[in-house]
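**Q** This is the structure I want to talk about, given as structure tokens.
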Amino acid sequence: MPGLDETREFIPLKIAVLTVSDTRELADDKSGTTLVERIEKAGHSIAARNIVTDEVEKIRAQIKAWIVDKSIDAIITTGGTGFTGRDVTPEAIEPLFEKRMDAFGAMFLLVSERKIGTSAIQTRATAGVAGATYIFCLPGSPGACKDAWDDILVHQLDYRYRPCNFVEIMPRLDEHLRRAKAKGSTV
């Protein structure tokens, strides 16, 4: 049965939040604020927060900077996952993934369908791992951010959650980068 194992110690993560929007500023960024409040309430800390416009180069530059920042464990973006011409978050971020987390989009679709019915089909929520950093791309509505956090991420980013979670495998995310060369290898 899934749930919290209270015998395990909570491990707080450092999470960066990026809002992708042509119109939002910090003062009216409801989706970003929703995420920040939930992240902090869960016991994690906000490592960074920013807002960038819906432009592939700007989104990708911010994500790359956070991927190489070893003090950031996970990145959550909000916005730019729809179908309009300016929605380019998946196009900006997915090429950076070393490993895609295909089940995240499917799980988010299941959660969303229970709340908004067939309108859930309009999301392109995506996730993956790059540079030993988890990256989750959510829609730009506060409701979608709430649903993704409350029904998926709060559990998977908690070391105590059983039968398994993302935190317990974090130390192994970059093992392919640490592997010693095989004898005779020139690469």
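What follows is calculated from the coordinates using simple rules that are stated; it is not laboratory data. Because the structure is a prediction, the values reported are computed rather than measured. Ideal geometry is used to build each Cβ from the backbone, glycine not excepted, and the neighbour counts take in all protein chains shown.
**Q** What residue, of Ser31, Ser71, Ser45, is more than 20 Å from Val129 (Cβ to Cβ), touching a strand residue (DSSP E or B) at 6+ places or on another chain (Cβ under 7 Å), surrounded by fewer than 16 Cβ atoms within 10 Å (Cβ to Cβ) and not β-branched (Val, Ile, Thr)? Step through it out loud before you land on a result.
**A** On the way: Ser31 fails: surrounded by fewer than 16 Cβ atoms within 10 Å (Cβ to Cβ); Ser71 fails: more than 20 Å from Val129 (Cβ to Cβ).
Going through Ser31, Ser71, Ser45 in turn, the sole match is Ser45.
**Q** Do the conditions hold for Ala103, that is, is it among the aliphatic types (A, V, I, L, M), assigned to a helix (DSSP H, G or I) and either in contact with a Ser or Thr (Cβ under 7 Å, 6 or more places away or on another chain) or surrounded by fewer than 19 Cβ atoms within 10 Å (Cβ to Cβ) (or both)? Can you show your working first?
**A** Details: among the aliphatic types (A, V, I, L, M): yes; assigned to a helix (DSSP H, G or I): yes; either in contact with a Ser or Thr (Cβ under 7 Å, 6 or more places away or on another chain) or surrounded by fewer than 19 Cβ atoms within 10 Å (Cβ to Cβ) (or both): yes.
Yes.
**Q** Quick check, is Ala92 over 11 Å from the mean Cα position of the chain (by Cα) and either of a type in the set (S, T, N, Q) or surrounded by 16 or more Cβ atoms within 10 Å (Cβ to Cβ) (or both)? Spell out how you get there, then give the answer.
**A** Numbers: over 11 Å from the mean Cα position of the chain (by Cα): yes; either of a type in the set (S, T, N, Q) or surrounded by 16 or more Cβ atoms within 10 Å (Cβ to Cβ) (or both): yes.
When the stated conditions are applied, Ala92 passes them.
**Q** Restricting to region 49-88, and then to whatever is within 13 Å of the chain's Cα centre (by Cα) and of a type in the set (Gly, Ala, Ser), can you tell me which residue is nearest to Leu157 (Cα to Cα)?
**A** Of everything passing the filter in region 49-88, Ala74 is nearest to Leu157 (Cα to Cα).
**Q** Looking at region 23-56 only, could you name the residues that are assigned to a helix (DSSP H, G or I), in contact (Cβ under 8 Å) with a residue 12 or more places away in the chain and of a type outside the set (S, T, N, Q)?
**A** Within region 23-56, Leu26, Lys30, Gly32, Leu35, Val36, Arg38, Ile39, Val56 qualify.
**Q** Within region 141-153, track down each residue that is surrounded by 24 or more Cβ atoms within 10 Å (Cβ to Cβ) and either closer than 14 Å to Ala120 by Cα or without any contact (Cβ under 8 Å) to a residue 12 or more places away in the chain (or both). Walk me through it before giving the result.
**A** Restricting attention to region 141-153, the residues satisfying the condition of being surrounded by 24 or more Cβ atoms within 10 Å (Cβ to Cβ) are 144-145, 148, 153.
Residues satisfying the conditions are Ala144, Cys145, Ala148.
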